[in-house]
Amino acid sequence: MLQITEEEFFRQPEPESNSIAFVVKHVAGNLSSRWTDFLTTDGEKEWRDRDSEFEPDKADRAQIMEKWEKGWRVLFHTLESLTQNDLAKIVTIRNEPHSVLEAINRGLAHVSYHAGQIVYLAKMFKSVQWKTLTIPKRKRN
């Protein structure tokens, strides 16, 4: 995301698609909701307004990125607090039971999916100016 401009951060390729800002807000909301009081409350919190994550609002990029950072802090704090004994415990996400390990895997898959969307959009916006995040084409050595 450091490679894109402010305008690109908020750009929707077409009216029904998501901007990077929308995806960032969604991941932030998901992380905060799922990982707050992880062992004791449902992962879909009443205070979360999921639909608003996919709508324009008055927040600027810095405010959205602060929500992103907060979501990751919640996740890492929760993961650091878990013990081996917690892995077999059951938690709920949208009233569905999951073992802690299943919930972690579900969260990993969800965030990976959206990280791919962010990279895809950013790469599309930057075109030939994109600086690859991995090994550049034809440069394996």
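Each reported figure results from applying straightforward, stated rules to the coordinates on display, with no laboratory input. Since we're looking at a predicted model, the values are computed, not measured. No Cβ is skipped: glycine too gets one built from the backbone with ideal geometry, and neighbour counts run over all protein chains shown.
The trypsin sites (Lys or Arg not before Pro) of the stretch 38-134 meeting both criteria, a DSSP state outside H, G, I, E and B (loop) and at most 10 other C-beta atoms within 10 angstrom of the site's C-beta, are Lys58, Arg94, Lys131. For the charge dipole of the stretch 68-135, defined by +1 on Lys and Arg C-beta atoms and -1 on Asp and Glu C-beta atoms about the Cα centroid, which residue among Gln84, Leu108, Thr132 has the Cα displaced farthest towards the positive pole? Final value for the positive-end residue is Thr132. Relative contact order of the chain: 29 percent, from C-alpha pairs under 8 Å at least 6 residues apart in sequence. Between Ser99 and Lys70, the C-beta separation translates, for a Förster distance of 25 Å, into a calculated FRET efficiency of about 0.45.
Size estimate for the stretch 6-129 follows the Kirkwood approach: the inverse of mean 1/r over distinct Cα pairs works out to 15.5 Å.
In the structure shown, the pairs Lys25/Lys131; Lys67/Lys139; Lys45/Lys89 are assessed against 28 Å; a Cα-Cα span above that value is assigned to Lys67/Lys139. The distance between label points at Glu55 and Gln129 comes to 3.2 nm (points 7 Å beyond Cα on the Cα→Cβ vector).
About the centre of its Cα atoms, the stretch 1-136 shows a dipole size close to 420 debye [charges on the beta carbon of Lys, Arg (+1) and Asp, Glu (-1) only; nearest 20 debye]. How high is the FRET efficiency from Glu46 to Glu7, r the C-beta distance, R0 41 Å, rounded to 0.05? The value I calculate is 0.75.
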